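Trainee: Mind looking over this structure? Questions follow.
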Amino acid sequence: MKLNLKIWRQKDAKSNGQMVDYPISGIEGDMSFLEMMDVLNEELITKGEDPVVFDHDCREGICGSCSLQINGEPHGPDRLITTCQLHMRKFNDGDTIVIEPFRAKAFPVIKDLMVDRSSFDRIQQAGGYISVNTSGNTVDANAIPIDKHDADEAMDSATCIGCGACVAACKNASAMLFTSAKVSQYALLPQGQVEATDRVLNMVRQMDLEGFGNCTNTGACEVECPKGISLENIARMNREYFSASLKG
Amino acid sequence: MGILDSKIPSGPLADKWTNHKNHIDLVNPANKRNIDIIVVGTGLAGGSAAATLAELGYNVKTFCYQDSPRRAHSIAAQGGINAAKNYQGDGDSNYRLFYDTVKGGDYRSREANVYRLAEVSGNIIDQCVAQGVPFAREYGGLLDNRSFGGVLVSRTFYAKGQTGQQLLLGAYSAMNRQINRGKILPFNRHEMMDLVKVDGKARGIIARNLVTGEIERHSAHAVVLATGGYGNVFFLSTNAMGSNVMAAWRAHRRGAFFSNPCFTQIHPTCIPVSGDHQSKLTLMSESLRNDGRIWVPKRIEDAQAIREGKLKPTQLKEEDRDYYLERRYPAFGNLVPRDVASRAAKERCDAGFGVNKTGEAVYLDFASAIMRYGKEKALTSGLKNPDDKTLRELGEKVVEAKYGNLFQMYEKIVDENPYKTPMMIYPAVHYTMGGLWVDYNLQTTIPGCYAAGEANFSDHGANRLGASALMQGLADGYFVLPYTIGDYLSNDIRTGKIATDSPEFDAAEQEVRDRIAKLMGGSGTHSVDHYHKKLGKIMWNKCGMSRNAKDLQEAIDEISNLRADFWANVRIPGSAEGMNQELEKAGRVADFLELGELFAKDALTRNESCGGHFREEYQTPEGEALRDDENFKFVSAWEYKGEPKDAVLHKEDLVYDNIELKTRSYK
Ligand SMILES: Cc1cc2nc3c(=O)[nH]c(=O)nc-3n(C[C@H](O)[C@H](O)[C@H](O)COP(=O)(O)OP(=O)(O)OC[C@H]3O[C@@H](n4cnc5c(N)ncnc54)[C@H](O)[C@@H]3O)c2cc1C
Ligand code: SF4
Ligand code: FES
C-alpha cells in the first residue's frame with residue numbers, strides 16, 4: 001500500500017506545531033498502525049530527520065499508553081480497540097491519513113503526538129482508592145461475599161485503561177467517563193462504601209481543577225472508548241455526587 | 001558457603017519466616033521519618049513495595065519510564081494469580097503450592113524462599129479484596145478459581161482475562177493514597193541510568209528525565225530495584241516494548257551478581273510472527289489449552305500444500321492429523337508444562353510440518369471442543385436430533401463465553417475467524433526466571449540494594465508455573481521487603497540525609513554523561529532497531545528453545561562483535577537535551593548487548609537440560625530433558641569483571657531437605 005500521512009509535528013510544549021506530509025509506501029495489511037509508524041520512523045532516521053514521537057508500550061490494548069487522533073477519531077476508525085490494535089488492512093491503497101495528538105487543555109502536548117495525561121493521575125490521587133493498610137492485617141477474602149452481578153459490573157467499570165480517548169472525543173474535553181468509571185467501581189462494592197462521600201466530592205473537584213470541561217451528554221466518549229465503558233457510569237457518579245453534596 | 005550467603009534462617013521449613021520476622025530489628029516510627037527509600041519500577045512488585053514502605057512511614061521516591069505507574073508491564077498479565085487458599089476444598093495447602101513450584105521449576109529454586117511465597121500467598125488475596133480488586137465470583141458471592149498447567153488443584157484467582165491489570169490498579173491505588181499523603185514522591189517518565197554506591201553501600205541513583213533530558217541525582221538510604229524482566233533481549237517477545245534490563249544491569253556493573261541469565265520461559269501459545277516489520281508478539285492465554293487440541297499434518301506433503309495455500313486445515317481428515325502432544329504425552333496431553341509444549345512444537349516445525357507461510361506455526365484447534373459443548377448444550381436444553389450446524393452454533397456460543405476476548409484479539413491480529421478455522425500458534429519469549437541474585441531478605445550482593453519481582457532470580461527455578469509471577473511480585477512488595485529492609489535500615493537511623501554532592505555522585509553522573517555522549521557520537525550508519533533485531537535473531541536462533549555448545553560459542557562471538565559495531569556505528573538523531581526516544585532505546589539495547597553475551601555464556605556453562613534450558617547434548621533417547629543434579633544443582637551467580645567474557649561464576653548450592661529430587665515426567 002501507498003499512503004499519504006499528514007502528521008502533527010511539534011518540537012516541545014512551548015513551540016507551535018504544524019501538519020507535515022509524509023508519503024509512505026510498502027505498507028502491508030498485516031502491520032499494526034504503530035508498526036506502520038515504526039516503518040516511517042526508520043525511514044526518517046535513515047534520512048537524518050527527527051523521528052515522530054508517540055507514546056506506546058504494551059502494544060496489545062491494555063496499558064493505555066498509545067493515543068493518536070486518526071482521521072479525527074481517537075484510536076482510529078475501528079471500534080473497541082486502541083491504536084496499537086488497529087491494523088493497516090482497515091485502510092486502502094492511496095488513502096490520506098491525518099494523525100494528530102489527543103487534544104484537550106488538560107492534556108498539553110509534550111512533543112509531536114505525545115501528550116501529558118498526568119491530570120488523570122491527579123484525579124486518582126484525590127480519592128481513587130480504598131484507605132486500607134497494605135500490611136496484610138485484613139479479614140479473609142471470603143468473609144465479604146459480593147453479589148456476582150455487582151462484582152461483574154464493578155469489573156466492567158474497572159477495565160478503564162486511562163487512555164484519555166473519552167476526553168479527546170468530547171467537544172467539551174470532559175473527563176466524566178474516566179472519573180465515573182473509578183467512582184462506579186468502588187460504589188458497586190461494599191469495601192468502597194465507607195469513603196464514598198469524600199471520594200466522589202474530591203475526585204470531581206480535582207477533575208474541575210485540572211481544566212476538563214463539563215458533560216453535556218453527547219455520548220461521544222462511550223462510542224470511542226476502547227474498553228466499552230458505558231454512560232451508565234456517568235449517571236451513577238451523578239447520583240453519588242448528588243447524595244454526597246446533600247451530606248457533605 | 002563461599003562468597004554467597006543466602007541467609008536462610010535456621011529451623012523447620014514452615015517456621016523459618018515467622019521466626020525470622022520475630023528476630024528482625026525494627027525501626028521506630030519517629031526514625032522512619034528520617035529514612036529515604038528509592039523504589040525503581042512501579043509494576044506489581046515496585047508499586048506494592050512503595051505503597052507499603054510509605055505506609056510504614058519511610059519517605060519513598062518512585063521511578064518509572066512510563067507516564068504513569070498504572071502502565072507498567074504487569075498490566076498485561078491475563079490469566080490469574082495463584083494462592084493456597086483451598087477455597088475449593090480440593091486438598092490445596094501451603095506445602096502443595098510449595099511442592100508444585102519447586103517441581104515445576106525443575107528443582108532449581110531455593111526451598112526456603114518458595115515456602116515463604118506459598119505461606120504469604122493467601123494473604124495477597126485478602127489484601128487485594130480489601131482494596132476493591134474485582135476478582136471473579138461465583139453466584140453465591142464467593143471467589144471463583146481456575147486451574148492452570150502443572151498442578152492438580154484449582155488455586156488460580158482471576159479477574160476476567162485482565163488479572164494483571166486489576167492487581168496493578170490495586171497497587172496503583174495504594175500508591176495514590178500515599179502520594180496524596182505526601183509519603184510517596186513519584187518520578188514518572190524518568191529512567192534510572194546508574195546506581196550510586198557510597199562506602200560500598202547503595203545510596204542513590206542517577207536518573208534521566210525523559211521529557212527534559214536532564215540528568216538528576218537522587219539519594220536514599222536504600223534502593224529497591226523492581227524493574228521487571230529482560231525478555232526483550234530477544235527483540236521479539238510478549239513483553240511491553242520498553243521492558244529492559246538497564247537498571248538491573250547497571251547494578252550488576254556496580255557489583256550485584258546476576259543469576260541464571262539463561263533461564264528463560266518460552267511460552268507455547270503465542271500468535272506467530274507474520275513478517276519483518278513485526279514489533280512484538282501477542283500471547284494467547286494458557287487457559288486455551290484446556291479446550292484446544294494442538295496438531296500438525298501427519299504427511300509432509302499436506303503441510304507443504306497448506307503452506308502454499310492449496311489445502312485448508314479443515315479439509316484434512318482426522319486420521320491425517322498428528323496430535324503430537326497427545327501422542328507423546330498421553331497422561332498430560334495438551335496440558336503439559338510450557339517448556340515441554342514449546343519444544344514439541346519446535347521439533348515438528350523443524351522437521352518440516354509447520355503450517356504457515358514461514359513454516360513456524362502449529363494449529364490450536366477448537367472444532368472438537370465446539371462440537372462437544374454443542375452436544376452438552378443440546379442435551380441440557382432438551383433439543384432432539386439437532387443437526388451438525390445447530391450443534392456447532394450452540395458450541396460456538398459456549399466457547400465464546402469462555403474465551404471470547406482472546407478469540408476477538410486473535411481475529412483482529414490475524415484476520416481469520418478462529419471459530420471456523422483452527423488458530424495458528426507458535427512459541428515466543430515470555431518471561432525470565434533469571435535476574436539479580438538476592439539472599440533470603442531480597443538483598444543483592446550490594447548492601448542496601450534490593451531486587452523484587454521479575455527482576456530478581458528467586459523463586460521459579462528453571463521454569464515458572466502459570467499465575468505465579470503475579471503472586472511473587474506482590475509477595476515481595478507487600479509482605480517480604482517491608483520487613484527485611486527494616487533490618488538493614490535499623491543501622492541507618494543516625495546517618496541523616498545522604499548528600500548528593502559527594503565525589504561518588506559526581507563520578508557516577510559523569511559516567512552517565514560520558515556514556516550518553518558516546519552513544520550520540522556513533523558514526524551514524526545504522527538505527528538502534530537494526531542492532532536490536534540482529535541481536536534478537538542471534539538469541540532466538542542460538543540461545544532459544546534448544547541450545548548446543550557450538551551455537552552458544554558462536555553466539556558469544558557474534559554478540560561481542562555486534563556490540564563493538566553498535567558502539568562505533570549506531571545512529572541516534574536529535575540531541576541528548578529534551579525528549580529523544582531513540583536515545584532511550586539505544587541505552588537499553590547497549591545493555592542487552594552485554595547481557596546477551598552473559599546469557600550465552602551461562603547456557604554454555606550449564607551442561608545439563610532443565611526447565612526452559614534445553615541443551616541438545618543432554619537429552620534422553622526419547623528427546624526429553626536430562627538434568628544433572630550431581631554437577632548442576634546450583635544457582636549461577638555471575639560477578640562483573642569488565643567484558644561479559646571475563647565474568648566470574650559463583651555457585652550457590654541448592655539444598656533440598658524437604659523435597660526429594662525426581663525426574664519430571666508427563667508421559
Ligand atoms: C502477556 C503476558 C501475560 C502474563 N500473564 C501472567 C499471568 O496470567 N499470571 C502471572 O502470574 N504472570 C503473568 N505474566 C508475567 C507477569 O506479568 C510479570 O512477570 C510481572 O508482572 C512482572 O512484574 P514486575 O513488578 O516485576 O515488573 P514490571 O511490571 O515489568 O514493572 C517494571 C517497572 O520497572 C520500570 N522500569 C524498568 N526499567 C526502568 C529504569 N531503567 N528506570 C526506571 N524505571 C524502570 C517500569 O517503568 C515498570 O514500572 C504475564 C506476562 C506477559 C508478558
Ligand atoms: S473511559 Fe474509556 S476512553 Fe476514557 S480513559 Fe477509560 S478506557 Fe480510555
Ligand atoms: S500500547 Fe498499550 S494500549 Fe496501546
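The values are calculated or read from the model by the stated rules, or taken from the named source; none is laboratory data. Everything numeric here is computed off the predicted structure, so don't read it as measured data. Cβ placement follows ideal geometry from the backbone for every residue including glycine, while neighbour counts extend to all protein chains displayed. Just so you know, the surface numbers come from the protein's heavy atoms only, side chains and all, with ligands and any DNA or RNA stripped out. Shrake-Rupley method; radii C 1.70, N 1.55, O 1.52, S 1.80 Å.
Trainee: State the number of lysine pairs found in the range A:117-247 whose Cα atoms come within less than 29 Å, restricting to pairs 8 or more positions apart or on distinct chains.
Mentor: On the way: A:LYS148/A:LYS182; A:LYS148/A:LYS227; A:LYS171/A:LYS182; A:LYS171/A:LYS227; A:LYS182/A:LYS227; A:LYS182/A:LYS247.
The number of close lysine pairs in the range A:117-247 is 6.
Trainee: Please work out the ratio of the alpha-carbon Rg of the range B:502-628 to 2.2 N^0.38 Å and round it to two decimals. Don't skip to the end; give the middle numbers.
Mentor: Values: Rg = 18.4 Å, N = 127, 2.2 N^0.38 = 13.9 Å.
Scaled against compact globular proteins, the figure is 1.32.
Trainee: Keeping every protein chain present and rolling a 1.4 Å probe, give me the accessible area per residue for the protein assembly as shown in Å².
Mentor: About 36 Å² of surface per residue is accessible.
Trainee: If you don't mind, another one. Using 25 Å as the Cα-Cα cut-off, could you pick out the over-long pairs in B:LYS518/B:LYS585; B:LYS21/B:LYS85; B:LYS601/B:LYS662; B:LYS201/B:LYS497?
Mentor: Listed pairs above 25 Å: B:LYS601/B:LYS662.
Trainee: What does the charge add up to near B:ASP439, with Lys and Arg as +1, Asp and Glu as -1, over the other residues with Cβ less than 11 Å from its Cβ? Write out the running numbers ahead of the final one.
Mentor: Values: positive: B:LYS7, B:ARG110; negative: B:ASP5, B:GLU652.
Neighbourhood net charge equals 0.
Trainee: I've got another one for you. Report the accessible area of A:SER135, computed with a 1.4 Å probe over the heavy atoms of all protein chains in place, in Å² rounded to the nearest 10.
Mentor: Using a 1.4 Å probe on the heavy atoms, I get roughly 50 Å².
Trainee: Further question on the same structure: Excluding residues fewer than 8 places away in the same chain, name every one of the lysines whose C-alpha is closer than 18 Å to that of B:LYS384.
Mentor: Those lysines meeting the cut-off are B:LYS375.
Trainee: Near the amide H of B:CYS610, under 5 Å away, which other amide H atoms are found, from residues 5 or more places off or on another chain, if H is placed in the peptide plane?
Mentor: Long-range HN contacts for B:CYS610: B:ARG615.
Trainee: Apply the Karplus curve 6.51 cos²θ - 1.76 cosθ + 1.60, θ = phi - 60°, to the phi angles in the range B:455-464 and return the couplings in whole Hz, x for Gly and Pro.
Mentor: 5, 9, 9, 5, 10, 10, x, 9, 7, 8
Trainee: If each residue of separation counts as 0.36 nm, what is the full-extension length gain between A:LYS11 and A:LYS171 once their alpha-carbon separation is subtracted? Intermediate results must be reported in sequence, preceding the final value.
Mentor: On the way: separation 160, 0.36 × 160 = 57.60 nm, distance 2.57 nm.
Extending this stretch completely gives an extra 55.0 nm.
Trainee: Another question about this same structure. Using θ = phi - 60° and the Karplus form 6.51 cos²θ - 1.76 cosθ + 1.60, what ³J(HN,Hα) does each residue of the range A:193-201 get, whole Hz, x for Gly and Pro?
Mentor: Those phi angles translate into 5, 3, 9, 4, 4, 5, 4, 5, 5 Hz.
Trainee: Whole angstrom only: what separates the Cα centroid of the range B:88-152 from the Cα centroid of the range B:475-540?
Mentor: Each part's Cα centre sits 33 Å from the other's.
Trainee: Would you kindly work out the equivalent ellipsoid of chain B from its C-alpha gyration tensor and give its semi-axes, the square roots of five times the eigenvalues, largest first in whole Å? Can you show the working numbers first?
Mentor: Working: eigenvalues 328, 174, 119 Å².
They are 40, 29, 24 Å, listed from largest to smallest.
Trainee: Amide H of B:PHE187: which non-local residues (sequence gap of 5 or more, or other chain) have their own amide H closer than 5 Å, using H built in the peptide plane?
Mentor: So B:PHE187 has HN proximity to B:THR62, B:PHE63, B:CYS64.
Trainee: Run down the aspartates and glutamates and flag those whose C-alpha is under 15 Å from the C-alpha of B:LYS312, throwing out any fewer than 8 positions away in its chain.
Mentor: B:GLU301, B:ASP302, B:ASP320, B:ASP365, B:GLU416
Trainee: Quickly estimate the mean residue ellipticity at 222 nm for chain B, helices only: each DSSP H run with n ≥ 4 gives -39500 (n - 2.57), and the total goes over all residues, rounded to 500. Can you show the working numbers first?
Mentor: Working: 19 runs with 244 residues, N = 667.
Here the helix-only value at 222 nm equals -11500 deg cm²/dmol.
Trainee: I've got another one for you. How large is the charge dipole for the range A:117-247, taken about the Cα centre, if only the Cβ atoms of Lys, Arg (+1) and Asp, Glu (-1) carry charge, to the nearest 20 debye?
Mentor: Values: 11 positive and 15 negative charges, 74 e Å.
About 360 debye.
Trainee: Under 21 Å Cα to Cα from B:LYS377, which lysines show up? Leave out anything in the same chain fewer than 8 places away.
Mentor: B:LYS389, B:LYS397, B:LYS402, B:LYS420
Trainee: For the range B:502-628, which whole percent of the accessible surface, found with a 1.4 angstrom probe, sits on carbon and sulfur atoms?
Mentor: It is 51 percent, rounded to a whole number.
Trainee: While we're here: Once you list every other residue whose beta carbon is under 12 Å from the beta carbon of B:THR500, what net charge do they have if Lys and Arg are +1 and Asp and Glu are -1? All intermediate terms of the calculation are to be shown ahead of the outcome.
Mentor: Details: positive: B:ARG203, B:ARG217, B:LYS497; negative: B:ASP36, B:GLU216, B:ASP501, B:GLU504, B:ASP506, B:GLU509.
After counting each charged neighbour, the total is -3.
Trainee: I'd like the Kirkwood hydrodynamic radius of the range B:209-257, using the inverse of the mean 1/r over distinct C-alpha pairs, in Å. Display every interim value, and only then the final one.
Mentor: Numbers: mean 1/r = 0.0773 Å⁻¹.
So the Kirkwood estimate lands at 12.9 Å.
Trainee: While we're here: By the scheme Lys and Arg +1, Asp and Glu -1, what is the net charge of all other residues having a beta-carbon under 10 Å from that of B:ASP5?
Mentor: Details: positive: B:LYS7; negative: B:ASP439, B:GLU652.
Every neighbour counted, the sum reads -1.
Trainee: Provide the gained length on full extension for the span B:ASP320 to B:THR620, in nm with one decimal, where the gain is 0.36 nm per separating residue minus the Cα-Cα distance.
Mentor: Values: separation 300, 0.36 × 300 = 108.00 nm, distance 2.82 nm.
My answer for the length gained is 105.2 nm.
Trainee: So what is the calculated 222 nm ellipticity per residue for chain A, using -39500 (n - 2.57) for each DSSP H run with n of 4 or more, over all residues, to the nearest 500 deg cm²/dmol?
Mentor: On the way: 8 runs with 85 residues, N = 248.
Calculated from helices alone, the mean residue ellipticity at 222 nm is -10500 deg cm²/dmol.
Trainee: Carbon and sulfur together cover what percent of the accessible area of chain A at a 1.4 Å probe radius?
Mentor: Working: 4760 of 9730 Å².
Ligands and nucleic acids excluded, carbon and sulfur reach 49 percent.
Trainee: Still on this model: Could you sort the residues of the range B:405-422 by number and keep only those whose accessible area is reduced by 20 Å² or more in the all-protein-chain setting relative to the chain alone, 1.4 Å probe?
Mentor: B:GLN408, B:MET409, B:LYS412, B:ILE413, B:ASP415
Trainee: Residues of the range B:291-331 with amide nitrogen under 17 Å from the 7 Å Cα-to-Cβ point of B:LYS375?
Mentor: So the set is B:291-293, B:318-319.
Trainee: Let me ask something else about it. Once phi is turned into ³J(HN,Hα) by the Karplus curve 6.51 cos²θ - 1.76 cosθ + 1.60 with θ = phi - 60°, what whole-Hz value does each residue of the range A:156-167 show in order, with x for glycine and proline?
Mentor: Whole-Hz 3J(HN,Hα) from phi for the range A:156-167: 4, 5, 6, 7, 3, 9, x, 7, x, 4, 4, 5.
Trainee: Quick one: accessible surface of B:MET193, probe radius 1.4 Å, all protein chains present, in square angstrom to the nearest 10.
Mentor: 20 Å²
Trainee: Continuing with the same structure: How high is the FRET efficiency between B:LYS533 and A:SER245 when r is their beta carbon distance and R₀ equals 60 Å, given to the nearest 0.05? Display every interim value, and only then the final one.
Mentor: Values: r = 57 Å, r/R0 = 0.95.
Working from the Cβ atoms, E equals 0.55.
Trainee: Assuming a viscosity of 0.692 mPa s and a temperature of 37 °C, what translational diffusion coefficient in µm² per second does Stokes-Einstein assign to the range A:164-209, Rh being the Kirkwood radius over Cα pairs? Show your work: numbers first, answer last.
Mentor: Values: Rh = 11.3 Å.
My calculation gives 291 µm²/s for D.
Trainee: Can you give me the pair-distance distribution of the protein assembly as shown, C-alpha pairs, 20 Å bins, whole percents?
Mentor: Answer for the protein assembly as shown: a P(r) of 14, 49, 33, 3, 0 percent.
Trainee: Then there is this: At what distance in nm do the modelled label points of B:GLU216 and B:ASN607 sit from each other, each positioned 7 Å from its Cα along Cα→Cβ?
Mentor: Taking the two extended label points, one gets 5.1 nm.
Trainee: At a probe radius of 1.4 Å, what is the per-residue accessible area of B:ILE75, in Å² to the nearest 10?
Mentor: Ignoring ligands and nucleic acids, B:ILE75 comes out at about 10 Å².
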